Amino acid sequence: MSAGFAHGLFASDSLPFPVSLGGQAAKDGAPFAKIQNPVAADAELAVDSKSDMIIVNVNMVNSKNEPVQGSTPAVILLQGKTKTNLDKTMDGKKLPAGNYIMSVVSEGKTASILFTIR
């Protein structure tokens, strides 16, 4: 862990930097961090990062938290900002209700977070 990382107490394998969705902070866990309560399809996504580019991949998962076969990941880009909404996908499609894993890539690290859209 670098000395320049201000959020050292949050640093872990599944959550190397703070992420919140729909106003809920992701809770660290193994093997994935988790957003406790279901969120709306247009929930606000906030990433506590100093990076100019944050890349978010969102995959639908099954009951074992494995990516659903044949599903296409949604991609959300945050350029020069740390907040956006879950419905701001590159293809413009809203994510349907279901269970997902979100990989948030920033500062050379990846946060892996499970969440549910109601």
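The values are calculated or read from the model by the stated rules, or taken from the named source; none is laboratory data. The model shown is predicted, which means the values in this text are computed figures rather than measured ones. Heads up, the Cβs are rebuilt from the backbone with ideal geometry, glycines too, and the neighbour counts pull from every protein chain shown.
Structure summary
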quantity: Residue in region 92-102 that is within 11 Å of the chain's Cα centre (by Cα), under 25 Å from residue 30 (Cα atoms) and among the small types (Gly, Ala, Ser) present; calculated: no
quantity: Checking residue 17 against (1) surrounded by 15 or more Cβ atoms within 10 Å (Cβ to Cβ); (2) over 11 Å from the mean Cα position of the chain (by Cα); (3) part of a loop (DSSP other than H, G, I, E, B), the condition it does not meet; calculated: (2)
quantity: Top-ranked residue of region 23-34 - restricted to ones that are assigned to a loop (DSSP other than H, G, I, E, B) and under 11 Å from the mean Cα position of the chain (by Cα), ranked as surrounded by the most Cβ atoms within 10 Å (Cβ to Cβ); calculated: 26
quantity: Given (1) over 11 Å from residue 113 (Cβ atoms); (2) at pLDDT below 95, number of the condition residue 14 does not satisfy; calculated: (1)
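Residue-by-condition table, conditions (1) out of contact with any Phe, Trp or Tyr (no Cβ under 9 Å at 6 or more places or on another chain); (2) in contact (Cβ under 8 Å) with a residue 40 or more places away in the chain:
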residue	(1), (2)
70	yes, no
75	yes, no
88	yes, no
95	yes, yes
101	no, yes
108	yes, no
